[in-house]
Amino acid sequence: MHNKTCWACGPDNSAGLRLDIKRDELSRKSFASFLIDGRYEGNDGVAHGGLLCSIFDSVMTNAAMACSDKRVFTAKLEVKFKKKIKIGELINVSCWFEKKYFGFLIMKGEIKNGENKVAAKASALFSEQ
């Protein structure tokens, strides 16, 4: 965890998501599960896309931190939505390091819906500072 008051993963932020992110140091992957309840509704009965982007950003940051001895910051995040994520579904998020490119960490990730189908994919560039 990078900050105890982080809106997405900080345990000390009572208004935050409080994502419980786990990391596998050997594979450089980070994982989280999250129940999409009605507070996170966008379109009728469907999770808000901005929430999913924020979850990707936080879980990817955690994975990127495992790949660098410096602070990392999101430089670019691209999300592709494949399937709807319905309110009431438990999603599983996994993010991992792909490679280093011109001083950036290239990260990838996916969210699986309650049926264990890939509902969204993401790629990102992280800057080391």
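The values are calculated or read from the model by the stated rules, or taken from the named source; none is laboratory data. Note that the coordinates shown come from a computational prediction; the quantities given were computed from them, not determined experimentally. FYI the Cβ positions are ideal-geometry reconstructions off the backbone, even for glycines, and counts take in every protein chain you see.
Hey, can you tell me all the residues within the range 25-54 that are in a loop (DSSP other than H, G, I, E, B) and of a type in the set (A, V, I, L, M)?
Across the range 25-54, the qualifying residues are LEU26, ILE36.
Is it the case, given these coordinates, that LEU52 is in contact (Cβ under 8 Å) with a residue 12 or more places away in the chain, under 16 Å from LYS121 (Cβ atoms) and crowded, with 19+ Cβ neighbours inside 10 Å?
Yes; evaluated as a whole, the condition is true for this residue.
Would you mind telling me which numbered condition in (1) of a type outside the set (Lys, Arg); (2) in a loop (DSSP other than H, G, I, E, B); (3) over 14 Å from the mean Cα position of the chain (by Cα) LEU19 fails?
With (1) of a type outside the set (Lys, Arg); (2) in a loop (DSSP other than H, G, I, E, B); (3) over 14 Å from the mean Cα position of the chain (by Cα) applied to LEU19, the lone miss is (3).
Out of everything in the range 15-35 that is among the hydrophobic types (A, V, I, L, M, F, W, C) and touching a residue at least 12 places away in the same chain (Cβ under 8 Å), what residue ends up being farthest from SER58 (Cα to Cα)?
LEU35
Of the residues that make up the range 16-34, is at least one in contact with a strand residue (DSSP E or B) (Cβ under 6 Å, 6 or more places away or on another chain), surrounded by fewer than 16 Cβ atoms within 10 Å (Cβ to Cβ) and under 16 Å from VAL118 (Cα atoms)?
Within the range 16-34 (the criterion being in contact with a strand residue (DSSP E or B) (Cβ under 6 Å, 6 or more places away or on another chain), surrounded by fewer than 16 Cβ atoms within 10 Å (Cβ to Cβ) and under 16 Å from VAL118 (Cα atoms)), the answer is yes, since at least one residue qualifies.
Condition check ((1) modelled with pLDDT of 95 or more; (2) in contact with a Phe, Trp or Tyr (Cβ under 8 Å, 6 or more places away or on another chain)) across all residues:
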| residue | (1), (2) |
| --- | --- |
| PHE56 | yes, no |
| MET60 | yes, yes |
| ALA64 | no, yes |
| ASP69 | no, no |
| LYS76 | yes, no |
| VAL79 | yes, yes |
| LEU90 | yes, yes |
